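Since every read-out is calculated from the coordinates, none of them should be taken as a lab result. None of the values given here were measured: they were computed from a predicted structure. Cβ placement follows ideal geometry from the backbone for every residue including glycine, while neighbour counts extend to all protein chains displayed.
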């Protein structure tokens, strides 16, 4: 009887911990659509992402435009669908994750991921 009661208390405690911890973790990973991807700020982040990718892999991509994207609730992380012109003159959509960075010379970005490979 004691073992059953102890097991029941452990399960109840685990359920409470799960209920308390899960909403906080989920709220930290919320992404919202960018309402106006034509905004010069968003386009600048897309261009920065392509430039940073070219530095890493020397792809020779030319930024065309950001076609869609999401912003993290933190307001500094972006998932961008970027249209870029490839060396063979064809357009391809790449997904870039960037973190916005401010510097004394203006704003910039840190490239987190870029794909598919160029």
Notebook entry, point to check: Would you list 90, 113 from fewest to most Cβ contacts within 10 Å?
Noted result: 90, 113
Margin query: Per 0.36 nm of contour for each residue apart, how much would the distance between residue 32 and residue 81 grow if the chain were fully extended, relative to their Cα-Cα spacing?
Written below: 16.3 nm
Check: Could you give P(r) for region 31-115, binned at 10 Å from zero, as whole percent values over all Cα-Cα pairs?
Finding: 19, 55, 23, 2
Checklist line | Approximate spin-label separation residue 55-residue 117, in nm, with each point projected 7 Å along Cα-to-Cβ | finding: 2.2
Check: What order do you get for 43-54, 65-76 when each peptide is scored by the mean count of other beta carbon atoms within 10 Å, highest first?
Finding: 43-54, 65-76
